[in-house]
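Q: After the structure tokens below, expect a handful of questions from me.
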Amino acid sequence: MSFAQTLYKKITSFSEEVAISQGDKSITYEKLNNTAKKIGRLFKDNTLNQSIVGIVGQRNFAVYYGILGSIYSGFTYVPINEKYTEDRIIKIIKESKLSVLIGTRESIISIKESIKVTDIKVVLLPEEEPSKEINSLPGNINYFYKSDLLNLKEISPKEIDNSHIFYILFTSGSTGNPKGVMVTDENLRVFFKNLSNFYKLPVGYRASQTFDLSFDLSVVDIFFTWINGGRLCILNQSELIMPFDYIKREKINF
């Protein structure tokens, strides 16, 4: 069984548990699962055959919907950190041949100068509704919003094999141009199987989400929590410097 299939099976079994919380807001595994399957339906209905999707931003519900929706669609996701320089973002988009981005309105607007000179055709904002700021972005872009997902019929996740490229992370570029490192489904399957031999965790445990999506250890934060039915607790950007209050408040135990 591929890691993607294991992930879907696990998430489905934890439907009533809280999957993600941020402050006083939270979503269940059922909500996370259903939204991801609707993203898959949206992509299929609009014949979006783009195999690689850019996930823009950090630590918000939209990016987690986008990551899981991309996986369910059989796509590869590429994290794009909006803190990167304009030149670096352009290189990542062009190198990956991205035409689809998923994120929040704020994160998409923050990279609008990079979007101007790339071939982005579709932007999905799963937690947003239309706004003047978004509609004024450059280019011939087709936008989809939260309301576009509401009435869609969920789709069964696409089956993928172990050689499927799960995600691509770009190196720092400290020795030259940033290079995209491709991580396969099989890489994750073996990694998490071994990690599970070390840690036996109860359903509902509370895990931290501290690493940027553009950093490899973010996959441990996210996917190891989800395959074990834990609650992914998102901290605010300002708390990264002094996370003590966050750890106490959210009762982090992993």
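Q: Hey, any idea what % of the chain's accessible area is carbon plus sulfur with a 1.4 Å probe?
A: Working: 6280 of 12290 Å².
Summing carbon and sulfur atoms, their accessible area is 51 percent of the total for the chain.
Q: Taking the alpha-carbon distance from Lys132 and a cut-off under 13 Å, which aspartates and glutamates remain once sequence neighbours fewer than 8 residues away in the same chain are dropped?
A: Glu106
Q: Can you list, bin by bin at 5 Å, the percent of alpha carbon pairs in region 116-198, starting at 0?
A: 3, 10, 11, 11, 14, 17, 17, 10, 5, 2, 0
Q: At 7 Å along Cα-to-Cβ for each site, give me the label-to-label distance between Ser238 and Asp161 in nm.
A: The two pseudo-label positions are separated by 5.1 nm.
Q: Also, I was wondering about something else. Using the heavy atoms of the protein chains alone and a 1.4 angstrom probe, what is the accessible area of the chain per residue in square angstrom? Could you put the intermediate results ahead of the total?
A: Details: 12290 Å² over 254 residues.
Here the residues of the chain average 48 Å² of exposed surface.
Q: Further, regarding this structure: Taking Cα atoms of region 159-254, Rg/Rh with Kirkwood Rh, to two decimals? Numbers along the way, then the final one.
A: Details: Rg = 15.5 Å, Rh = 15.1 Å.
On the Cα set of region 159-254, Rg over Rh gives 1.02.
Q: Moving on. Thr47 versus Val203, label points 7 Å from Cα toward the beta carbon: distance in nm?
A: Using points 7 Å along Cα→Cβ, the separation is 4.3 nm.
Q: Pull up the cross-link candidates among the aspartates and glutamates for Lys97, meaning alpha carbon to alpha carbon under 14 Å and not fewer than 8 places away within one chain.
A: Here the aspartates and glutamates satisfying the reach criterion relative to Lys97 are Asp119.
Q: Could you tell me the distance between the Cα centroids of region 150-179 and region 1-42, to the nearest Å?
A: The distance from the Cα centre of region 150-179 to that of region 1-42 comes to 17 Å.
Q: Ok, one more. How large is the helix-only mean residue ellipticity at 222 nm for the chain, computed as the sum of -39500 (n - 2.57) over DSSP H runs with n ≥ 4, divided by its residue count, in deg cm²/dmol to the nearest 500? Each step should come with its number before you reach the end.
A: On the way: 10 runs with 91 residues, N = 254.
Mean residue ellipticity, 222 nm, calculated: -10000 deg cm²/dmol.
Q: Scaled to the compact-protein estimate 2.2 N^0.38 Å, what is the alpha-carbon radius of gyration of region 55-207, rounded to two decimal places?
A: Numbers: Rg = 17.0 Å, N = 153, 2.2 N^0.38 = 14.9 Å.
Working it through for region 55-207, the quotient is 1.14.
Q: Still on this structure, I have one more. Over 20 Å between C-alpha atoms is what I'm after, so list which of Lys83/Lys248; Lys31/Lys83; Lys83/Lys146; Lys83/Lys116; Lys10/Lys248; Lys94/Lys179 land there.
A: On the way: Lys83/Lys248 28 Å; Lys31/Lys83 29 Å; Lys83/Lys146 25 Å; Lys83/Lys116 17 Å; Lys10/Lys248 28 Å; Lys94/Lys179 12 Å.
Exceeds cut-off: Lys83/Lys248; Lys31/Lys83; Lys83/Lys146; Lys10/Lys248.
Q: How many nm is it between the label spots at Lys146 and Phe215, if each spot is 7 Å from the Cα in line with the beta carbon?
A: For the pair Lys146/Phe215, the computed spacing is 2.9 nm.
Q: Continuing with this model, one more query. Let me cross-check Leu213: its accessible surface, 1.4 Å probe, with only protein heavy atoms counted, in Å² to the nearest 10?
A: Counting only protein heavy atoms, the figure is 10 Å².
Q: Which sequence of Phe198, Phe211 reflects their accessible areas, 1.4 Å probe, from the largest down? Write down the numbers at each step before the final one.
A: Values: Phe198 165, Phe211 70 Å².
The most accessible residue leads, giving Phe198, Phe211.
Q: Another one. May I ask for the angle, rounded to the nearest 10°, between helix 185-198 and the longest principal axis of the chain, with both axes built from Cα atoms and the value confined to 0 to 90°?
A: Computed tilt is about 30 degrees.
Q: Excluding residues fewer than 8 places away in the same chain, name every one of the aspartates and glutamates whose C-alpha is closer than 18 Å to that of Lys9.
A: Here the aspartates and glutamates satisfying the reach criterion relative to Lys9 are Glu17, Glu30, Glu154, Glu159, Asp161, Asp185, Glu186.
The values are calculated or read from the model by the stated rules, or taken from the named source; none is laboratory data. Note that this is a predicted model, so its numbers are computed, not measured. Here the Cβ is made from the backbone with ideal geometry for all residues, glycine too, and neighbour counts use every protein chain on show. To get the accessible areas, we keep the full protein, side chains included, count just its heavy atoms, and leave off ligands, DNA and RNA. Shrake-Rupley method; radii C 1.70, N 1.55, O 1.52, S 1.80 Å.
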